[in-house]
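A.B. asks: The structure follows.
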Amino acid sequence: PLDNVNIRKAMSISVLRDVIGPDVLGTGELPAYGWVPPGTGNYEGETYMPDWASQPYDQRVEEAKKLMSEAGYNTENPLKLQLRYNTNENHQRIAVAISDMWKQIGVDVELFNAETAVHYDALRAGDFNVGRAGWLLDYNDPSNTLDLLKTGIAQNEGINWGNNYGRFSNEEYDSLLDQASKELDLGKRAELMHQAEKIAMDNFAAIPIYWYVSKNVVSPKISGFEANAKDINRVRWMSKSE
């Protein structure tokens, strides 16, 4: 059923991301609608934001119910899925919250947790319906997240999908990233990658939930501290007033 883009859309738009950081986790994580984190280097232009993100949540839920109904599912005849997550109290909280959100649109969720190594082995093997995963940038460039959704590479024993757990595959998406990898003009390169990100997100290749945030307590006596995406603050640029 998840091959149906409208079902994936229904499941994404029915997730109320605004409550995850402040209410479910209580630590202020920011709602995510795109695949490249805000503030990522070499990525001029606006952060991806779908039109539906600005719609009232009730309206989004009604649209999701309609999409699910058109696919043959509702609260009386729900789509039954298993949501896998690696064992962690916060991951469990989010899984429970999302399963409640999906229940109202006709998705019956079974929660399944496993230790991290076992969990990611299952994701790499494709042994899941919906699976939780997280990512931290290895280097400050949009390619570090966008490459996660490229089509797998054929090998002797099959296809190596790397960290593309959901097996998203789109020729135009791959082509744009290949072009970007050869483009020396950073502005044109960013434009190609923005186009690729839009294709992936408009096809609901994944359901971004929230961005991690850095947390710092800074005295008002300190000057020169500037929040940044990498959370690197050199003390040599700071000073303290009496």
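A.B. asks: For segment 138-242, I need the span (max minus min coordinate) of the C-alpha atoms along each principal axis, in Å, sorted largest to smallest.
C.D. replies: Principal-axis extents of the Cα atoms in segment 138-242, largest first: 65, 30, 28 Å.
A.B. asks: Something else about it: Quick check: net charge around Gly224, other residues with Cβ under 13 Å of its Cβ, Lys/Arg +1 and Asp/Glu -1? Walk me through the numbers on the way to the answer.
C.D. replies: Values: positive: Lys221, Arg234, Arg236, Lys240; negative: Glu226.
Neighbourhood net charge equals +3.
A.B. asks: Moving to a separate point now. Report, by chain and number, residues whose modeled amide H sits under 5 Å from the one on Gln82, excluding near sequence neighbours (fewer than 5 apart, same chain).
C.D. replies: Glu110, Asn129, Val130
A.B. asks: By what distance, in whole Å, do the Cα atoms of the chain stretch along each of the three principal axes, largest value first?
C.D. replies: That works out to 66, 43, 37 Å along the principal axes.
A.B. asks: Still on this structure: Expressed in whole Å with the largest first, what are the equivalent ellipsoid semi-axes of segment 67-205 derived from the C-alpha gyration tensor as the square root of 5 times each eigenvalue? It would help to have the intermediate numbers written out before the result.
C.D. replies: Details: eigenvalues 188, 72, 48 Å².
After diagonalising the Cα gyration tensor, the semi-axes are 31, 19, 15 Å.
A.B. asks: Take every DSSP beta bridge whose two residues both sit in segment 76-198, then give the antiparallel share in percent to the nearest 5. Mind showing how you got there, number by number?
C.D. replies: Numbers: 3 of 13 bridges.
Here the antiparallel bridges make up roughly 25 percent for segment 76-198.
A.B. asks: Let me ask another. Sticking with the crude label model, points 7 Å out along Cα→Cβ, report the distance from Val96 to Thr116 in nm, one decimal please.
C.D. replies: 2.3 nm
A.B. asks: Can you give the net charge of the other residues whose Cβ lies under 15 Å from the Cβ of Pro22, counting K and R as +1 and D and E as -1? List each step's numbers first, then the result.
C.D. replies: Working: positive: Arg17, Arg93, Lys215; negative: Asp18, Asp23, Glu29.
After counting each charged neighbour, the total is 0.
A.B. asks: Cross-link candidates for Lys80: which lysines have Cα within less than 26 Å, leaving aside residues fewer than 8 places away along the same chain?
C.D. replies: Lys9, Lys65, Lys66, Lys103
A.B. asks: What fraction of the DSSP beta bridges in the chain is antiparallel, stated in percent and rounded to the nearest 5? Walk me through the intermediate numbers first.
C.D. replies: On the way: 7 of 17 bridges.
Here the antiparallel bridges make up roughly 40 percent for the chain.
A.B. asks: Would you grab the residues whose amide H sits under 5 Å from the one on Val107? Only those 5+ places off in sequence or on another chain, please, with H modelled 1.01 Å from N.
C.D. replies: Leu79
A.B. asks: Okay, next question. How big is the gap, in Å, between the Cα center of segment 88-129 and the Cα center of segment 25-65?
C.D. replies: Segment 88-129 and segment 25-65 have Cα centres separated by 21 Å.
A.B. asks: With r as the distance between the Cβ atoms of Glu157 and Ala227 and R0 = 41 Å, compute the FRET efficiency 1/(1 + (r/R0)^6) and round to 0.05. Show your work: numbers first, answer last.
C.D. replies: Details: r = 46 Å, r/R0 = 1.13.
So the FRET efficiency works out to roughly 0.30.
A.B. asks: Skip the ligands, DNA and RNA, and give the accessible area per residue of the chain with a 1.4 Å probe, whole Å².
C.D. replies: Numbers: 14110 Å² over 242 residues.
Normalised by residue count, the accessible surface of the chain is 58 Å².
A.B. asks: Taking only DSSP H segments of four or more residues, each worth -39500 (n - 2.57), what value at 222 nm results for the chain once the sum is divided by all its residues, to the nearest 500 deg cm²/dmol? Write down the numbers at each step before the final one.
C.D. replies: Numbers: 7 runs with 81 residues, N = 242.
Counting only the DSSP helices, I get -10500 deg cm²/dmol.
A.B. asks: Looking at this model, which pairs from Lys182/Lys230; Lys150/Lys215; Lys188/Lys230 are more than 28 angstrom apart at the alpha-carbon? It would help to have the intermediate numbers written out before the result.
C.D. replies: Working: Lys182/Lys230 26 Å; Lys150/Lys215 32 Å; Lys188/Lys230 24 Å.
Beyond 28 Å: Lys150/Lys215.
The values are calculated or read from the model by the stated rules, or taken from the named source; none is laboratory data. Note that the coordinates shown come from a computational prediction; the quantities given were computed from them, not determined experimentally. Cβ coordinates were reconstructed from backbone atoms using ideal geometry, including for glycine residues, and neighbour counts include every protein chain displayed. We work out accessible area using only protein heavy atoms, side chains counted, and drop any ligands, DNA or RNA first. Shrake-Rupley method; radii C 1.70, N 1.55, O 1.52, S 1.80 Å.
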